[in-house]
Each structure stands twice: as C-alpha cells, then as structure tokens.
Amino acid sequence: MAIRRRARWGPLTRGIAEGTRPLAPLFIAGTVLFWASLYTYVPILPAYVERLSGSLEVVAWIVGAYGLTQLALRIPLGVWSDRVGARKPFVLAGLVAAMVSGVGMAIAGTPALLFALRALAGMAAATWGLLTVLFASYFTPPNPHRAMTIMQVASALAQIAAALLGSWVASYWGWTAPFYAGAVLALLGLLCMAAVPDEGRVESRTRITLVTVVRIARVRAVAGASIAAALGQFGFWVTVNGFTPIYAVRLGASPETLGILAMVSLVPYAAAPILADAFLALRYRESHVVAAGYLVVGAATLAIPFIHSIPLLMLSQAIGGVGRGLVFPILMSCTFEAVAPRERATAMGLFQATYALGMTAGPWIAGGLVAWLGLGGVFVMTAGLMGLAAVIALRLLR
C-alpha cells in the first residue's frame, strides 16, 4: 500500500488525490469567480429594479426569475450529466451563460429584458450542483462533508468580494457597472475551469430513468435536506437578496452601504461552515446543528421590523449569516452521502431544484403579500417559516 504523503497545499486540500491536488487551488479560484460573477450586482439589483420600474411587485418577479430557471433545469442537468458521465462541460457552459447575462443586464432598459436575462443567470447557477459533484470526485477516499464545506466557503468568500466590488463600482461608475464587472469575472472563471480535470469521466455511464429520479427523491435524507433547504432559500431570497436592501434604502442606505450590508451577512456565512466542520459536526447530530441554524436565522429575521438604524440592521444580518452558514454544507453533504456515486449528480440536481423552488416562490409570494402585510409582515412570516425548517430538519434528518 502506498504511503499517503503530507498535502503540499496545506489543510485546505487535505484528502484530494495526489494527481489532482496541484490544480485544486485553481478549481477553488474558478469557483470563487463563478459565484462572484453572479453576485457582483445582487446587492444593488432590487434597488436598481425599483428605480427602473417603481414597483415592488416587479422587483419580486425579477429577483425570482433567477430561481425559476434553476427549478426547471437542475434535475435535467443532473440526469444528463450522470448519463454522459461528465461534469466539466456543464460547468463551462454555466460560466458562458453568466458572462452573457451580465452584459445583457447592463444594457437592458426594460423590466421584461431584465427578467429574461436574470433567468439566464439562473441557468448559469443551475450548474452549481455539477460543480460540487466534480470537486467531491477529487477526494480519495471520498469526503463529501469536507468537499461541500470548501465549496460553501468559496461561495461565501465570492459573495463577500462581489458585494464589495459591486457596491464600489456602482458608487464610482453608476448602477450598471456591477453587471459589466460580473461578466468580466465570469470570463476569468471560464479560463480557470478550462484547465481543471473532469474526474467524473472515470465513472461508468448510468441509465437514469424517471423511476430512478423518483426513487432518489424518496430517500429520507434527500427529501428532508431538500425541503429544509427550500425553506432556507425562501428566507434568504426574501430577506438578504430581496426586501432587506429595500428596507435599508428606506432607512437611508446608499449603494455603497448596501454592499457593506451584504458583506456583514456573508462574512459569518463564510466562517460558520469552518466552525461546523471543525467542532460542531464532531459533538452534535447533524439534525440538531441544522435546526439550531434555522432558529438563529428566524430570530434575526423576526428582529428586522423592529430595527430603525443601519448598524442594528447590519447586526441582524450578521447573526442570520451565522445560521445560514451552519445549515447548507450539512444539507448538501447529507444529500451527497445518501446515494451511490453514479447517482450523485441526479441527487444534487433534485436537492438544488427543490431549493430553487424556495428561491423562486419566496420573492414572488412575498411580492404578492407585501401590499397587504407590508415589509414588516413579510419579515415576520419569513421568520415563522425558518421555525418550520428547524422542525423538518429534526424530523427528517435523524
């Protein structure tokens, strides 16, 4: 038996196969650029759309378009990937879609075009599940929790950098500049990902049928993780990426402040998975950690209507970021470990298509209710749904 050598790249890439390890930092950089290209303009998008349309309902529809295409495409892409035994071509196509959508939204002058191009950005994000499966395939022996934690941290760091970059370029070059910046980042990500290997090709091609998809969907861990994630995304897109920036603008926030608001949510979101991987996962059941995370998010959301200053709003966002960071790596790893390797792209497609339902339905439902409930009522309703997610985690992730 060969002696396993100490990882050259330190603890970040520990467990990755020797032949792939030198390219792992490039893969992680490509992942950061992938998410940064999609999130550079997110902090200013709701306020930008409201300036363009003058309607909170239109804001909700355009924000929700991002999840609509993910809901439609993630399962088919997962099935297609398992059938052909490849992941990388889909990831490259996603980066091309991110680049086109960024340029398109910069020049779109109507809400209808923004809706279509935001949906194209959702098509790019629909390849995220295949990207995570590809990265997990680099680990020998398999270590899905570690792989998902690294991907979650990379995603969060990307969103932090994107929030700062987007708010900065919007302050200096106008509201459309973050869209162009996102397109440039997508191009850089495409160059990084073009150089990494497609380890998924070593797996045998698998015949995935509708019966297979239904069977995977009925696996307890897959179903529980997917439903809990959908409720979590409902809350995330109603608050952090939906109505919280609008609430902040009404408290006097500038475009630069909106970027900082997003950042203070994302820094603990990036740090919490590391804490969970190093300490909590060793001491507590996964279901308990997930439930605790959702209760923290619910408490932070419930506080928003009672906040009347930007610093306190930032504090609530930071607390909510801790809760979200605890939840998603665990839900992803539960889904990944619940099925055979040849069916993991399909399982991740199911998981992410289900939570895309929350991404889509959240803004649309909240947009329909905001005229009746007001912004404060929408936040209270969302907090209640986070409590429901905690109960589901305790029941179905045991």
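Each Lys or Arg adds one and each Asp or Glu takes one away; over the other residues whose Cβ falls under 13 Å from the Cβ of Leu68, this sums to +2.
Given a 1.4 angstrom probe, what's the average accessible area per residue across the chain, in square angstrom?
Working: 15510 Å² over 398 residues.
Here the per-residue accessible area is 39 Å².
3J(HN,Hα) couplings calculated from phi for segment 351-365 with the Karplus curve 6.51 cos²θ - 1.76 cosθ + 1.60 (θ = phi - 60°) are, in sequence order, 4, 7, 5, 5, 6, 5, 4, x, 4, 7, 5, x, x, 5, 5 Hz; Gly and Pro show x. Equivalent-ellipsoid semi-axes for segment 152-270 (Cα gyration tensor, √(5λ), whole Å, largest first): 35, 23, 12.
Result for the chain in a Gaussian network model with C-alpha springs under 10 Å: among Val79, Val196, Val214, the largest mean-square fluctuation is at Val214. For segment 246-398, the spherically averaged projection of the C-alpha convex hull amounts to 9.8 nm². Over the chain, with a Gaussian network built from C-alpha contacts below 10 Å, which listed residue (Gly102, Gly252, Gly377) shows the highest mean-square fluctuation? Evaluated over the chain, the most mobile residue of the options is Gly252.
With +1 assigned to the C-beta of every Lys and Arg and -1 to the C-beta of every Asp and Glu, and no other charges, what is the dipole magnitude of the chain about the Cα centre in debye, to the nearest 20?
Numbers: 27 positive and 12 negative charges, 245 e Å.
Result for the chain is approximately 1180 debye, rounded to the nearest 20.
In whole percent, what relative contact order does segment 47-126 give with Cα contacts below 8 Å and a gap of six or more residues?
Details: 75 pairs, mean separation 36.5, N = 80.
Relative contact order of segment 47-126: 46 percent.
For Phe139, the residues 5 or more places off, or on other chains, whose built amide H falls under 5 Å of its own are Ala17.
The values are calculated or read from the model by the stated rules, or taken from the named source; none is laboratory data. These numbers were taken from a predicted model, which means no experiment stands behind them. With ideal geometry, Cβ positions are generated from the backbone for all residues, glycine too; neighbour counts draw on all protein chains shown. Side chains included, ligands, DNA and RNA excluded: accessible areas come from the protein's heavy atoms. Shrake-Rupley method; radii C 1.70, N 1.55, O 1.52, S 1.80 Å.
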